[in-house]
Every structure is written in structure tokens, then in C-alpha cells.
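These notes concern the structure reproduced below.
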Amino acid sequence: MDLNKIKEQVLSYTSYIKELTIIIQNGYPFALVTPDFEALKRAKIINIEEEIRWYAIELYNMKADEQEKIKGYEILTTPILKTEDEPNDEIYTVLKLYVSTLSTNEIFPSSHLELDLGLDSLNYVELFVFIQESFGVKIDEAIFSNIMSMESLYMYIKNRSLHVKNFQFRWEDILAQNIDEKLVYSPFIMTLYKTFLYPIFKLYFRLEVKGRENILSSTCIIAPSHQSMLDGFLIESILPYKILKKSFFLAYKQVFGTTLLEPISRNGQTILIDANENLKHTMQYCALPIKSGNNLVIFPEGARTRDGELLEFRPYFAMLSKTFDVPIVPVMIDGSYEALKAGKLFPRPKKIKVVFLKPIYPNGLNYNEITALVRESIERELKQKSVMN
């Protein structure tokens with residue numbers, strides 16, 4: 001196995017890796033990645049691990065032979081400051097205390113807020129609002145992309161702080177705020193999509209659907225597993241007309257905002273998001289369907305699987321469920337990965353099965369518990385399918 005060749009191929013997909021070492025671990029390539037933080041700052045990218053995983057490592061894996069696929073990676077950070085002496089003032093103490101509510105990892109001045117402490121987009125919105133309310137300092141994604149260590153963030157706040165106040169973050173308050181965007185309903189187009197797609201999927205993919213009785217007529221979040229580009233269209237084709245007309249689909253602007261797919265999303269009750277900008281506004285926009293008594297179809301994995309296995313579920317859908325007290329309908333999609341793997345343009349006639357599972361209600365549960373229950377529900381159904389096969 002030519003490890004240097006693998007390194008060169010991975011680097012050919014991205015300009016955001018400064019150093020890359022490929023080693024063998026458990027018989028497969030393993031990547032040690034040092035990001036190019038200056039390039040990431042210039043691009044205003046704050047979801048660094050996602051950028052490196054999906055747009056470098058997984059792009060390489062899509063074309064690599066099985067034995068040469070990168071099965072694991074570690075992203076290395078370089079401390080911005082040489083000292084780990086903590087600032088001894090009220091601002092740093094208040095900031096660190098709040099960050100400790102977002103991360104279970106030990107916090108140092110040099111800690112990178114994403115790569116060392118594990119903060120995600122949901123946490124970023126909470127942190128931005130906390131900083132503005134507690135210190136009177138406005139911060140956004142463009143600014144944050146340049147100050148993603150504890151020490152740099154503290155210095156930015158210290159140099160601009162107007163006050164130090166106690167503030168308690170509540171998603172209910174954030175999502176209750178009014179925004180300019182309005183939902184664009186396309187009931188006629190949605191009906192056409194369903195009428196056209198369902199018989200094609202039924203014939204070409206031998207589509208099998210179970211659990212229709214679990215589709216709620218009341219407002220809910222529909223949370224499918226994500227195996228391929230077909231998945232949103234599959235859900236669209238299966239939902240009853242009455243339910244479909246009041247359902248909105250969450251999708252990434254980088255994919256469905258392209259020239260080819262933008263006309264479909266514009267007329268398909270789709271909410272396009274970008275994970276690196278306007279996060280607070282984006283989350284308020286995504287909440288509009290639920291606030292308006294409609295449904296939201298959201299893929300908790302946030303990305304398509306590259307190997308057929310479930311990815312980690314992100315908690316945003318659980319936060320919406322908890323905040324608005326609406327149930328989640330988990331959906332198992334199986335077979336669409338084999339029908340249209342990532343990187344392929346034309347689907348193969350593989351059998352696809354879609355199962356709507358029993359709704360999960362947020363009563364008395366926290367975000368992590370809701371997220372785990374939804375994932376376990378889908379995973380359990382997938383395992384039952386494997387046993388039957």
C-alpha cells in the first residue's frame with residue numbers, strides 16, 4: 001500500500017490541510033491531520049471537522065479501493081498560546097463557566113472550541129447570544145472563524161466588553177423572535193412531484209413502505225436516516241397528499257442551492273441552510289414550519305452515509321422537538337445507499353424499503369436522550385432487517 005500516494009490524493013481535494021500523515025492502524029489507513037487554520041479563517045469556515053471529513057477524506061474514500069479507504073482520522077490542533085496560565089479576571093471566569101456547560105472536556109486557554117471542546121453549530125448560537133447578552137459584545141461567524149480558541153475569544157471580549165451580567169440562555173426566547181423570511185408553499189408542485197415520483201420508485205426500486213399508520217396528522221418532525229440523494233424524494237413521494245402539502249424539507253445550500261437543483265428546492269417547500277454563516281437566523285428560519293403548525297423533514301445525520309452505516313445524529317432536531325413540544329417520527333430508509341452511492345450519477349434498480357416508526361415524544365427528556373432514542377429506534381429496525389436477511 002502506497003501511503004504517500006494516499007496522502008497526495010487526499011490533499012488534492014482540499015486546500016484546508018496544512019500537514020497530513022497517513023499511517024496503518026488495524027490494517028487500514030489512518031489520517032493524522034493538521035488543518036490550515038489561516039486558510040480556514042480566510043474562508044470563514046467554523047465547522048472545521050465537517051469540512052475536512054466530508055470534502056477531503058470522504059471524497060477520497062468514495063474512489064478508493066476498500067483496503068485503501070481511510071477508516072479513521074485525528075485532527076491535531078496547535079495551541080495558539082505557549083502558556084496555559086489562565087487569565088485571572090471576571091470575564092474569563094464567566095466565559096469559562098459558560099463554555100463548561102457546553103462541553104464535558106477539560107478547558108485550557110489554548111483549547112480550540114470545536115476540535116478540542118467539541119462545540120457544534122447549536123453550541124455556537126448559544127455562545128454568540130451569551131456573549132452579546134453577558135458582555136455587550138456582538139459576534140458572528142465571520143469574526144468567530146478568526147478567534148476559535150478560548151484565549152483568543154476571551155481577548156476579543158475583554159477589549160470590547162461593556163458590562164458583565166448574568167444571563168440564562170433559553171431556546172424558547174431565541175426561536176420566538178420574528179424574522180423577515182416567510183414560508184413559501186407550493187402545494188400544486190408538491191402534488192405533481194408525488195404523483196410523478198411514487199410510481200417510478202415503486203416500479204424501478206420495488207419500493208416497499210411500512211408503518212404508514214405512524215405518520216401523524218398533527219404537527220411533527222419527520223426524521224429519516226440518510227443513505228443517498230434519493231431520500232428526500234422518497235419521503236416526498238410516500239407522504240399522504242394532505243401531510244405532504246404542509247411538510248417542509250431541510251437541505252444544505254451547498255447541494256440543493258446549485259444551478260441544477262435550485263429550481264427543485266425553490267418549488268419544493270425546501271429550507272436551504274449553510275452551516276458556516278448566519279447560524280442563529282438559520283435556526284430561527286428552520287423553526288418556522290413548526291411554529292406555523294406544519295411539519296419539518298430533517299435528516300438528523302446531517303450528511304449522507306458513505307458506507308451504509310448510520311452516522312452520528314446531531315441534536316438540532318431534538319432541540320426543536322423539546323422547545324415546541326412536538327413528536328418526532330423516526331424513519332428507516334434501507335437500500336437507497338446501494339441504489340445510489342455517493343459520487344454516482346445514475347441510480348441502480350435496487351430494492352428500497354422505508355419504514356415509519358412509532359413517534360417519540362419529548363416529554364421529560366433532554367436533547368441527548370431524545371437524540372439517542374431516535375437513533376436507537378432506526379438502528380434497531382436496521383438490525384432486524386439484517387437478521388431477517
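The numbers here are math on the coordinates, done by the rules we state, and not lab data. This is a predicted model, so every value here is computed, not measured. Virtual Cβ from ideal backbone geometry, glycine too; neighbours counted across all protein chains shown.
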task: Would you kindly derive the ³J(HN,Hα) couplings of region 21-38 from the backbone phi angles with the Karplus curve 6.51 cos²θ - 1.76 cosθ + 1.60 (θ = phi - 60°), listing them in order in whole Hz, with x for Gly and Pro?
output: 10, 10, 10, 9, 9, 6, x, 10, x, 10, 9, 9, 10, 10, x, 8, 5, 5
message: Out of the trypsin sites (Lys or Arg not before Pro) in region 127-166, which ones are loop residues according to DSSP with at most 11 other C-beta atoms within 10 Å?
response: LYS138, LYS165
task: Divide the volume of the convex hull of the Cα atoms of region 144-232 by its number of residues and quote the answer in cubic angstrom per residue.
output: 244 Å³
message: For the chain, take the longest principal axis of its alpha carbons; what is the angle in degrees between that and the long axis of helix 90-102, to the nearest 10 within 0 to 90?
response: 20 degrees
query: Within a Cβ distance under 10 Å of LYS322, other residues only, what is the Lys/Arg minus Asp/Glu net charge?
result: -3
task: Would you grab the residues whose amide H sits under 5 Å from the one on LYS18? Only those 5+ places off in sequence or on another chain, please, with H modelled 1.01 Å from N.
output: THR34, ASP36
query: Tell me, what is a quarter of the convex hull surface for the C-alpha atoms of region 90-169, in nm² with one decimal?
result: 4.5 nm²
message: Which entries of LYS96/LYS165; LYS18/LYS41; LYS18/LYS341; LYS69/LYS341; LYS202/LYS358; LYS291/LYS322 have Cα-Cα distances beyond 18 Å here?
response: LYS18/LYS341; LYS202/LYS358
task: For region 53-67, just list the computed ³J(HN,Hα) in residue order, Karplus coefficients 6.51, -1.76 and 1.60, θ = phi - 60°, integers in Hz, with x standing in for Gly and Pro.
output: 5, 7, 10, 9, 5, 6, 5, 5, 4, 4, 9, 7, 5, 3, 6
field: Fraction of alpha-carbon pairs over 20 Å apart in region 3-75 - percent
entry: 22 percent
message: Give me the percent relative contact order of region 187-388, please, defined on Cα pairs under 8 angstrom at least 6 residues apart.
response: 30 percent
task: Give the distance, in whole Å, between the Cα centre of region 327-357 and the Cα centre of region 296-326.
output: 16 Å
field: Surrounding net charge for LEU244, when Lys and Arg each add one and Asp and Glu each subtract one, Cβ distance under 10 Å
entry: +3
task: Between the alpha-carbon centers of region 259-288 and region 196-255, tell me the distance in whole angstrom.
output: 18 Å
- prompt: Share of Cα-Cα pairs in the chain beyond 33 Å, in percent?
  reply: 37 percent
query: Is the shape of region 187-388 best called rounded, prolate or oblate, per the rule: a/c under 1.5 gives rounded, else a/b larger than b/c gives prolate, else oblate, with a ≥ b ≥ c the square roots of the Cα gyration tensor eigenvalues?
result: rounded
query: Among ALA176, ALA142, ALA318, which one shows the biggest mean-square fluctuation in a GNM of the chain, springs joining Cα atoms closer than 10 Å?
result: ALA176
message: Just to confirm the number: angle between the C-alpha axis of helix 279-291 and the first principal axis of the chain, 0 to 90 degrees, nearest 10?
response: 40 degrees
